[in-house]
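Structure first, then comments.
The values are calculated or read from the model by the stated rules, or taken from the named source; none is laboratory data. This structure is a prediction, so every number in the text was calculated from the model and none was measured. Every residue, glycine as well, gets a Cβ built from its backbone with ideal geometry; the counts of neighbours run over all protein chains shown.
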Amino acid sequence: MMLLAAKAPITFWLSPAGNDHRGSVNLKFRQSFLFVIPSSKLSFSSLAYAPALETKSYMDVELDSSRKIVEFCEVGDLKNAMELLCSSQNSNFDLGAYCSILQLCAERKSIRDGRRVRSIIESSGVMIDGILGVKLVFMYVKCGDLKEGRMVFDKLSESKIFLWNLMISEYSGSGNYGESINLFKQMLELGIKPNSYTFSSILKCFAAVARVEEGRQVHGLICKLGFNSYNTVVNSLISFYFVGRKVRCAQKLFDELTDRDVISWNSMISGYVKNGLDDRGIEIFIKMLVFGVDIDLATMVNVFVACANIGTLLLGKVLHSYSIKAATLDREVRFNNTLLDMYSKCGDLNSAIRVFERMDEKTVVSWTSMITGYVREGLSDGAIKLFDEMKSRGVVPDVYAVTSILNACAINGNLKSGKIVHDYIRENNLETNSFVSNALTDMYAKCGSMKDAHDVFSHMKKKDVISWNTMIGGYTKNSLPNEALTLFAEMQRESKPDGTTVACILPACASLAALDKGREIHGYALRNGYSEDKYVTNAVVDMYVKCGLLVLARSLFDMIPNKDLVSWTVMIAGYGMHGYGSEAINTFNQMRMTGIEPDEVSFISILYACSHSGLLDEGWKIFNIMKKECQIEPNLEHYACMVDLLARTGNLVKAHKFIKAMPIKPDATIWGALLCGCRIHHDVKLAEKVAERIFELEPENTGYYVLLANIYAEAEKWEEVQKLRKKIGQRGLKKNPGCSWIEIKGKINIFVAGDCSKPQAKKIELLLKRLRSKMKEEGYSPKTAYALLNADEREKEVALCGHSEKLAMAFGMLNLPPGKTIRVTKNLRVCGDCHEMAKFMSKSASREIILRDSSRFHHFKDGSCSCRGYW
């Protein structure tokens with residue numbers, strides 16, 4: 001019988017279950033018992049009873065297992081590699097096996113398996129350092145656990161530049177640029193020499209946090225270590241300087257770079273475009289072509305963005321043709337998205353549609369670009385249809401798509417579609433995004449639904465300055481100035497208003513003629529440097545105009561260095577409101593002499609000024625300039641101004657003929673202008689014909705019923721007045737109550753016609769009675785027709801004394817210092833009797849009274865009014 005010759009002891013395992021493990025490497029060590037038998041006493045025949053005996057050594061098994069783990073990892077078989085590792089966990093594998101499996105865990109982003117590997121390493125007593133430490137850090141970082149990776153990194157006795165670069169890059173990628181910079185500084189302190197990748201990564205961090213000076217110091221280190229000849233480093237420096245708006249430094253680096261690659265050229269084009277220097281970006285691109293540098297996707301995308309920004313459609317089309325001939329780039333989604341965006345921004349929506357339709361792959365960016373293009377062209381309905389089609393195609397709208405479609409709904413006032421989009425936002429939990437919430441608020445505000453806007457605003461967890469500005473601007477534009485001022489006060493407690501806030505809140509002050517508040521906000525704008533903002537300066541001028549300080553408004557207007565069309569229009573409209581038609585025309589002519597041509601709004605303002613000053617010939621001349629010289633087709637508002645001009649100057653028949661000859665159908669405003677002329681010139685017969693047309697067009701508008709009633713009352717046709725009252729009652733219509741207000745010491749005091757509940761009501765009543773008696777003594781006869789009552793003269797006088805503007809003016813006389821100007825605002829047109837009372841007050845009290853009604857300003861001084869009867 002042959003005996004085993006080997007001298008070394010044989011180690012083998014005997015399974016307690018008696019299972020045969022021959023040929024199996026995957027032995028269950030925890031369920032077996034270890035025996036060691038001296039080989040000199042052992043024969044093969046004596047082992048016949050032990051089928052589980054293995055002849056391989058323990059070390060051989062370890063090496064075999066390690067090799068198999070490496071093999072599994074090489075083919076990407078993480079499952080079997082882990083099974084082998086876990087089943088052999090009492091064995092000591094070599095570093096190659098551990099490193100291979102950690103590498104595969106990183107590639108598969110399997111943090112769970114990576115943690116199990118670490119546990120096995122630690123339980124085996126293997127020190128985590130060197131290459132093994134590097135692999136473990138790499139696994140944690142690539143699996144998204146940067147915190148744990150950093151803990152391992154900090155414990156390593158020595159770490160190579162690769163690992164420092166990895167940590168710097170990962171912190172940068174997560175937006176923690178400060179920690180990347182800290183690591184970079186720590187690396188330098190430890191004497192670890194950076195490489196080109198280090199510099200490329202860290203320059204992005206300094207750019208992101210706008211630490212230009214520290215970036216310059218890194219530039220110095222780059223030169224010192226000799227990396228200033230590396231393309232990748234110089235390209236990163238160029239991008240860094242562009243981000244820091246150091247354009248000349250970037251250009252100098254580019255000029256000094258001898259071996260420029262396509263990234264160098266692209267960095268220059270992109271940098272110029274991002275700094276608003278699109279023309280120079282295109283110049284660089286042309287030089288690139290001249291030097292024969294091959295362009296790539298990034299080149300074309302950057303150049304298309306430049307074309308879009310400056311509207312160079314022709315160049316964009318040429319480049320598009322070039323890309324089609326090249327037959328490579330036009331298959332890229334990013335290329336096509338930028339291309340259709342370029343066509344859209346250059347106003348060629350049809351070309352954008354063709355690009356969109358030919359795209360094999362349409363992403364959410366593609367759809368959003370098209371939606372934005374439709375909105376830009378004012379085709380909001382088309383944008384809404386596109387949004388619905390996008391959802392039906394299974395493309396999930398992102399934040400940009402949702403905000404774009406909300407903008408479409410806002411532009412065309414489509415509240416119904418806007419609410420459907422809001423439902424989608426709720427269903428997909430997008431309300432938490434501040435951009436979406438702000439767009440929702442803006443949509444509701446522009447659709448006139450301030451209640452819905454406030455609901456969205458109040459539920460916002462974090463309100464930024466845009467949120468506040470949207471709400472304040474919404475209240476202002478929806479004729480809710482008090483709510484705007486209240487919200488502005490609340491904003492000041494929670495956030496700092498900016499220039500846009502000021503531009504939004506000043507119109508609210510103007511609407512209320514709240515001069516003290518307007519001055520306060522003007523002061524805030526000056527202290528915070530917002531007075532250079534053109535929107536703010538225009539709003540300030542407009543506020544002073546509408547608060548009655550026309551001289552101050554003109555002084556501020558003259559101080560604007562670069563006046564735009566809005567600046568001039570505000571001043572022209574201001575002169576018109578105050579009855580200074582000649583000054584308005586002079587300002588209009590000055591504007592044209594500076595090279596600024598008027599638009600539709602400017603012509604409305606100047607024609608209004610002519611109308612309210614009775615400048616008939618000048619008005620006709622300007623109307624002809626608009627049509628013939630400026631090629632602007634008149635709209636209803638322009639025609640209304642011309643009818644008003646003819647009617648106020650007594651040309652009622654001409655005004656009537658003018659309306660009949662209009663190329664567009666006249667609305668109630670056109671006929672209303674003629675009705676006002678009938679009241680001024682007491683033409684009852686024509687007024688009745690005109691009123692019939694108006695009541696057909698706007699049967700619910702009580703203002704026209706009241707205007708006709710005034711005409712009847714002045715003609716003492718009380719039966720007709722009663723018929724009108726009865727008609728109003730039968731239709732369930734309600735006349736807007738007369739309301740006037742006056743600001744004293746920053747507080748707005750409101751008066752409603754006939755309201756006797758004010759604290760000083762008795763004093764006001766006594767003052768008005770004294771004034772009325774004094775007026776009679778001087779031969780004044782009250783215009784009792786404006787009382788609209790068929791009663792005795794005493795009752796009519798009592799009713800007239802209760803008109804809101806008289807109450808407000810009397811309150812001003814009682815509470816303002818002698819000589820101080822009384823400024824009153826009324827929501828309706830001032831009545832004739834109140835107009836006469838104001839003239840008498842200004843003369844008897846020797847003080848100026850400025851009354852702003854719904855039509856214009858009335859400056860009462862020394863018994864006369866600036867309107868000269870044109871109101």
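On the given criteria, is Tyr140 assigned by TED's automatic domain parsing to the domain that holds Gln186, among the aromatic types (Phe, Trp, Tyr) and under 40 Å from the mean Cα position of the chain (by Cα)?
Numbers: assigned by TED's automatic domain parsing to the domain that holds Gln186: no; among the aromatic types (Phe, Trp, Tyr): yes; under 40 Å from the mean Cα position of the chain (by Cα): yes.
No; evaluated as a whole, the condition is false for this residue.
Looking at the range 169-227, which of the residues that are assigned to a loop (DSSP other than H, G, I, E, B) and charged (D, E, K, R) is surrounded by the fewest Cβ atoms within 10 Å (Cβ to Cβ)? Steps first, please.
In the first step, residues of the range 169-227 are kept if they are assigned to a loop (DSSP other than H, G, I, E, B); the result is 174-176, 190-195, 209-211, 226.
From what is left, the residues that are charged (D, E, K, R) are 193, 211.
On the way: Lys193: 9, Arg211: 17.
Looking at the filtered set, the residue picked out is Lys193.
Is one or more of the residues making up the range 640-661 more than 27 Å from Val684 (Cα to Cα) and either assigned by TED's automatic domain parsing to the domain that holds Gln590 or among the basic types (Lys, Arg) (or both)?
Applying the first criterion (more than 27 Å from Val684 (Cα to Cα)) to the range 640-661 yields none.
Taking every residue of the range 640-661 in turn, none turns out to be more than 27 Å from Val684 (Cα to Cα) and either assigned by TED's automatic domain parsing to the domain that holds Gln590 or among the basic types (Lys, Arg) (or both).
Of all residues in the range 590-606, which are assigned to a helix (DSSP H, G or I) and not aromatic (Phe, Trp, Tyr)?
Gln590, Met591, Arg592, Met593, Glu600, Val601, Ser602, Ile604, Ser605, Ile606
Inspect the range 427-444 for any residue being in contact with a helix residue (DSSP H, G or I) (Cβ under 7 Å, 6 or more places away or on another chain), assigned to a loop (DSSP other than H, G, I, E, B), over 24 Å from Asp398 (Cβ atoms) and acidic (Asp, Glu) and give the result as yes or no.
Checked the range 427-444: no residue is in contact with a helix residue (DSSP H, G or I) (Cβ under 7 Å, 6 or more places away or on another chain), assigned to a loop (DSSP other than H, G, I, E, B), over 24 Å from Asp398 (Cβ atoms) and acidic (Asp, Glu).
All but one of (1) under 26 Å from Met626 (Cα atoms); (2) touching a residue at least 24 places away in the same chain (Cβ under 8 Å) hold for Tyr530; state the number of the condition that does not hold.
Evaluating Tyr530 over (1) under 26 Å from Met626 (Cα atoms); (2) touching a residue at least 24 places away in the same chain (Cβ under 8 Å) leaves (1) as the failure.
Identify the residue in the range 842-871 that is touching a strand residue (DSSP E or B) at 6+ places or on another chain (Cβ under 9 Å) and assigned to a loop (DSSP other than H, G, I, E, B) and, among all such residues, is nearest to Ser611 (Cα to Cα).
Applying the filter and picking the extreme gives Trp871.
Please go through the range 621-640 and pick out each residue that is out of contact with any Cys (no Cβ under 7 Å at 6 or more places or on another chain) and under 10 Å from Phe603 (Cα atoms).
Result: Phe623, Ile625, Met626, Ile632, Pro634, Glu637, His638.
Looking at Ala484 and the list (1) in a helix (DSSP H, G or I); (2) in contact with a helix residue (DSSP H, G or I) (Cβ under 8 Å, 6 or more places away or on another chain); (3) closer than 19 Å to Tyr400 by Cα, which single condition is not satisfied?
(3)
Tell me whether the range 322-329 contains one or more residues that are closer than 24 Å to Ser270 by Cβ, more than 24 Å from the chain's Cα centre (by Cα) and not in a helix (DSSP H, G or I).
Scanning the range 322-329 turns up at least one residue that is closer than 24 Å to Ser270 by Cβ, more than 24 Å from the chain's Cα centre (by Cα) and not in a helix (DSSP H, G or I).
Which one is nearest to Gly677 (Cα to Cα), of the residues in the range 707-739 that are polar (S, T, N, Q) and either out of contact with any helix residue (DSSP H, G or I) (no Cβ under 9 Å at 6 or more places or on another chain) or part of a helix (DSSP H, G or I) (or both)?
In this case the residue turns out to be Asn710.
Are any residues in the range 635-652 assigned to a helix (DSSP H, G or I) and either in contact with an Asp or Glu (Cβ under 8 Å, 6 or more places away or on another chain) or more than 13 Å from Ser613 (Cα to Cα) (or both), and if so, which ones?
Of everything in the range 635-652, those that are assigned to a helix (DSSP H, G or I) and either in contact with an Asp or Glu (Cβ under 8 Å, 6 or more places away or on another chain) or more than 13 Å from Ser613 (Cα to Cα) (or both) turn out to be Leu636, Glu637, His638, Tyr639, Ala640, Val643, Leu652.
Mind listing just one residue for me: the one in the range 809-833 that is more than 19 Å from Gly703 (Cβ to Cβ) and under 41 Å from the mean Cα position of the chain (by Cα) and, of those, surrounded by the most Cβ atoms within 10 Å (Cβ to Cβ)?
Filtering the range 809-833 for residues that are more than 19 Å from Gly703 (Cβ to Cβ) and under 41 Å from the mean Cα position of the chain (by Cα), the one surrounded by the most Cβ atoms within 10 Å (Cβ to Cβ) comes out as Val824.
Of all residues being of a type in the set (A, V, I, L, M, F, W, C) and surrounded by 14 or more Cβ atoms within 10 Å (Cβ to Cβ) in the range 320-341, which is modelled with the lowest pLDDT? Just the residue, please.
Here the answer is Leu329.
Output yes when any residue across the range 82-95 is assigned to a helix (DSSP H, G or I), small (Gly, Ala, Ser) and either at pLDDT 90 or above or surrounded by fewer than 15 Cβ atoms within 10 Å (Cβ to Cβ) (or both), and no when none is.
Scanning the range 82-95 turns up no residue that is assigned to a helix (DSSP H, G or I), small (Gly, Ala, Ser) and either at pLDDT 90 or above or surrounded by fewer than 15 Cβ atoms within 10 Å (Cβ to Cβ) (or both).
Can you tell me how many residues in the range 612-634 are assigned to a helix (DSSP H, G or I) and farther than 18 Å from Met577 by Cβ?
The total comes to 11.
Could you check, for the range 694-706, whether at least one of its residues is in a loop (DSSP other than H, G, I, E, B), under 16 Å from Thr669 (Cβ atoms), out of contact with any Phe, Trp or Tyr (no Cβ under 6 Å at 6 or more places or on another chain) and of a type in the set (D, E, K, R)?
yes
Do we find a residue being at pLDDT below 95, acidic (Asp, Glu) and part of a helix (DSSP H, G or I) anywhere in the range 536-546?
no
Identify all residues within the range 575-619 that are surrounded by 18 or more Cβ atoms within 10 Å (Cβ to Cβ), more than 20 Å from Leu552 (Cα to Cα) and free of Cβ contacts under 8 Å to residues at least 24 places away in the same chain; write none if there are none.
Passing the criteria: none in range.
Out of everything in the range 458-472 that is out of contact with any Leu (no Cβ under 9 Å at 6 or more places or on another chain) and either free of Cβ contacts under 8 Å to residues at least 12 places away in the same chain or crowded, with 22+ Cβ neighbours inside 10 Å (or both), what residue ends up being nearest to Ile521 (Cα to Cα)?
It comes out as Asn469.
Tell me, which residue of the range 259-279 that is among the charged types (D, E, K, R) and assigned to a helix (DSSP H, G or I) is surrounded by the most Cβ atoms within 10 Å (Cβ to Cβ)?
Asp278
Check off (1) in a helix (DSSP H, G or I); (2) more than 30 Å from Lys820 (Cβ to Cβ); (3) over 29 Å from the mean Cα position of the chain (by Cα) for Ala609 and give me the number that stays unchecked.
In the conditions (1) in a helix (DSSP H, G or I); (2) more than 30 Å from Lys820 (Cβ to Cβ); (3) over 29 Å from the mean Cα position of the chain (by Cα), Ala609 misses (2) alone.
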